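So the structure is just underneath, and the comments pick up after that.
Read-outs throughout are calculated quantities, based only on the coordinates presented, and are distinct from any laboratory measurement. Bear in mind the structure is a predicted one, so any value in this text is a computation, not a measurement. Quick reminder, even Gly has a Cβ in these numbers, built from the backbone with ideal geometry, and neighbours come from all protein chains shown.
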Amino acid sequence: TQLLEQSPQFLSIQEGENLTVYCNSSSVFSSLQWYRQEPGEGPVLLVTVVTGGEVKKLKRLTFQFGDARKDSSLHITAAQPGDTGLYLCAGYGNNRLAFGKGNQVVVIP
Amino acid sequence: NAGVTQTPKFQVLKTGQSMTLQCAQDMNHEYMSWYRQDPGMGLRLIHYSVGAGITDQGEVPNGYNVSRSTTEDFPLRLLSAAPSQTSVYFCASSYGVGTGELFFGEGSRLTVL
C-alpha cells in the first residue's frame, strides 16, 4: 500500500494571505495529481506533475513535485474565499490511484 | 455533457438489506472505479475495472460486488448492508489505466441504520 500523508489536515487563513500544504510519501510515483473537492461534489483535477523537480502554475496556485518524486507541495498566493475546499493529492501505482486524506483549507473573507 | 452519472444521490437502508449503486459514463473510458469517502479517512478504493469483463479489488472490497458488462456501466452492489458501510460513495472513470485525469460523479450518500 502506497501511503500519501497530507499536512496540515486543516488550515484556516484570512483572505489575501499565502498558504502551503504538503503531500509526502515513502514511495516513488511516476506521476502525482492534485484535486480539489467542494462540499457535496466529487473531486476535480487541478494538475498532474510527472517530472521530478517540476513546478506548475495555475493562476495563483503553484504545484511542485519533489526531485525524488516522493513528495509534492501546493502553494496558494493571496488566497481568496473561492479557494476554500478539500485539496487531495493522489499517486498512481499498480493500476490504481491512491489518495491522501486531504488538506481542508478555509479562507475567511 | 453528462460525464459520470451516479444514482441514487441519497439512500437509507436497514441493516441486512441489499442495494445497487448505479454508475454510468458517456466518455468511452476504459477505466472505472468506486471509492468511499469517510471523515478523516480520505478516499478509499473499493473496486476497479480496466475494461468490460475485467474487475479487481481495491483497498476495501469486503461487502461489495461489482461487474462490468459494458464499457459505460459499473454498478456497485451491497449484498447485506451494515452500519459500517454508511458513507459517501464516488464513481470515477478515466481514459487510460494508470494515467490521466479521473472524472468523478457527484457522489451517493448512503446511510445504513
note: chain A, Cα-Cα separations exceeding 25 Å make up a percent value of 15
At 4 °C and 1.567 mPa s, the Stokes-Einstein diffusion coefficient in µm²/s for the protein assembly as shown, with hydrodynamic radius from the Kirkwood sum on alpha carbon pairs, is 72
In order over region B:36-48: 3J(HN,Hα) from phi, Karplus 6.51/-1.76/1.60, θ = phi - 60°, whole Hz, x for each Gly or Pro, gives 10, 10, 10, x, x, 10, x, 8, 10, 6, 9, 9, 8
Relative contact order of chain A (C-alpha contacts under 8 Å, at least 6 apart) in percent is 37
Any lysines whose Cα falls less than 27 Å from that of A:K56, other than same-chain ones fewer than 8 residues away, would be A:K70, A:K101
Here the tail fraction of P(r) beyond 12 Å, over all Cα-Cα pairs of region A:45-84, rounds in percent to 56
Answer check: chain B, Cα atoms, Kirkwood Rh, Rg/Rh ratio of 0.94
Note on chain B: contact order normalised by length, alpha-carbon pairs under 8 Å, 6 or more apart, percent, works out to 36
Going fewest to most other Cβ atoms within 10 Å around each Cβ, B:V66, B:V112, A:V28 line up as A:V28, B:V112, B:V66
Treating every alpha carbon of region A:50-109 as one equal point scatterer without solvent, the Debye formula yields log10 I(q)/I(0) values at q = 0.26, 0.30 Å⁻¹ of -1.17, -1.27
So, with points 7 Å from each Cα along the Cβ direction, the A:V44-B:Q57 label distance in nm works out to 3.6
